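Here is the structure we will look at, set down as structure tokens.
The values are calculated or read from the model by the stated rules, or taken from the named source; none is laboratory data. All figures in this text were calculated on a predicted structure; none of them were measured in a lab. Positions of Cβ are generated from backbone atoms using ideal geometry, with glycine treated the same way; all protein chains shown enter the neighbour counts.
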Amino acid sequence: MAGARSDQRGPSDLRPLSITPGYLKYAEGSCLIELGNTRVICSASVEEKLPFWMQGKTAGWVTGEYGMLPRSTHRRSPREATRGGQGGRTQEIQRLIGRSLRAIIDLPAVGPRTVWMDCDVIQADGGTRTASVTGAFVALVHALEHLRKNGVFLKLPVKDFVAATSVGFVDGQAVLDLNYEEDSKAQVDMNVVMTGAGNLVEIQGTGEGSTFTQAQMEQMLALARNGIERLVEAQRTALKGLL
């Protein structure tokens with residue numbers, strides 16, 4: 001990609017980012033995350049019981065659910081409930097959200113309860129899964145602060161920040177935070193989840209239109225690291241000194 005991107009960003013630029021905590025009235029934790037034209041409402045709900053397969057355990061559990069509103073995209077998509085169940089993409093993203101958050105939570109300290117993370121895409125323009133991870137962390141911390149204020153634990157059982165972004169090769173150039181137009185034509189597409197300390201949680205990389213070299217992978221990871229550092233700073237601002 002010889003010139004500027006379609007939205008005039010440089011290769012290493014994130015889209016305009018906004019995180020609004022406390023977006024929902026009733027959830028123990030919530031936020032609206034806006035990344036360019038992608039917008040996701042993330043909420044955290046505390047349930048004072050564990051999944052059936054964890055009965056008898058003393059550690060807590062954090063799990064994710066993900067969905068896209070019918071008109072979050074250019075054309076209406078039927079709700080998955082009307083199609084008879086969740087598709088494979090939805091299940092994959094839900095597992096990614098859960099794994100990413102559990103990686104930085106002290107689950108034994110949470111105690112025998114479940115925190116449900118609901119990530120609902122109200123507008124999609126690429127990067128909905130990575131925005132969901134980034135926003136869900138903010139909602140989760142607010143829910144845990146709610147428990148701390150109620151005397152469940154003395155300090156927040158959070159070991160580190162976690163955020164996610166997309167990177168890829170579009171028209172031969174490595175770029176950060178792909179929008180839908182870029183994602184749909186990328187030769188290589190990668191989602192990266194990383195902690196505030198810079199440790200990797202997960203990498204999902206695919207050669208959509210071509211193979212890629214180790215050097216190209218390292219170039220994408222360097223872009224992702226730089227972007228995630230900025231995402232974490234936005235999380236810190238949204239959390240207002242809680243961590």
Exercise for the section: Go through (1) within 25 Å of VAL40 (Cα to Cα); (2) more than 12 Å from the chain's Cα centre (by Cα); (3) surrounded by fewer than 17 Cβ atoms within 10 Å (Cβ to Cβ) one by one and return the number of the condition TRP116 breaks. Expected result: (3)
Handout entry: Per-region count, segment 183-224, residues farther than 20 Å from LEU96 by Cβ and charged (D, E, K, R)
Key = 2
Fill in the blank from the handout: Flagged in segment 2-33 as assigned to a loop (DSSP other than H, G, I, E, B) and polar (S, T, N, Q), in numbering order, are SER6, GLN8, SER12
Completion exercise
Across segment 42-92, the tally of residues that are surrounded by fewer than 12 Cβ atoms within 10 Å (Cβ to Cβ), of a type in the set (S, T, N, Q) and under 25 Å from LEU140 (Cα atoms) stands at 2
Handout entry: Close pairs from segment 75-95: first at negative phi, partner assigned to a helix (DSSP H, G or I), Cβ under 6 Å, at least 6 apart
Key = GLN86/GLU80; ILE93/ARG129
Handout entry: ALA215 vs. criteria more than 15 Å from the chain's Cα centre (by Cα) and not aromatic (Phe, Trp, Tyr)
Key = yes
Handout entry: Hey, GLY111 more than 14 Å from the chain's Cα centre (by Cα), surrounded by fewer than 14 Cβ atoms within 10 Å (Cβ to Cβ) and of a type outside the set (D, E, K, R) or not
Key = no
Problem - Some residue of segment 145-157 being within 21 Å of GLY198 (Cα to Cα) and modelled with pLDDT of 95 or more - result: yes
Exercise for the section: Kindly list, by first and then second residue, each pair from a residue in segment 105-129 that is touching a residue at least 24 places away in the same chain (Cβ under 8 Å) to a residue that is among the charged types (D, E, K, R) and part of a helix (DSSP H, G or I), limited to pairs with Cβ atoms under 8 Å and residues at least 6 apart or on different chains. Expected result: GLY126/GLU181; GLY126/GLU182; GLY126/ASP183; GLY127/ASP183
Exercise for the section: Output the residue which, of all residues in segment 129-151 that are over 14 Å from the mean Cα position of the chain (by Cα) and in a helix (DSSP H, G or I), is surrounded by the most Cβ atoms within 10 Å (Cβ to Cβ). Expected result: LEU144
Exercise for the section: Can you confirm whether segment 85-97 contains a residue that is among the hydrophobic types (A, V, I, L, M, F, W, C) and within 14 Å of VAL162 (Cβ to Cβ)? Expected result: yes
Exercise for the section: Please state which of the following conditions LEU231 fails to meet, knowing it meets all the rest: (1) at pLDDT below 95; (2) in contact with a strand residue (DSSP E or B) (Cβ under 8 Å, 6 or more places away or on another chain). Expected result: (1)
Exercise for the section: Within segment 41-59, identify whether any single residue is farther than 24 Å from LEU107 by Cβ and of a type outside the set (Asp, Glu), and answer yes or no. Expected result: yes
Exercise for the section: Confirm whether GLY98 is closer than 27 Å to GLY151 by Cα and surrounded by fewer than 16 Cβ atoms within 10 Å (Cβ to Cβ). Expected result: no
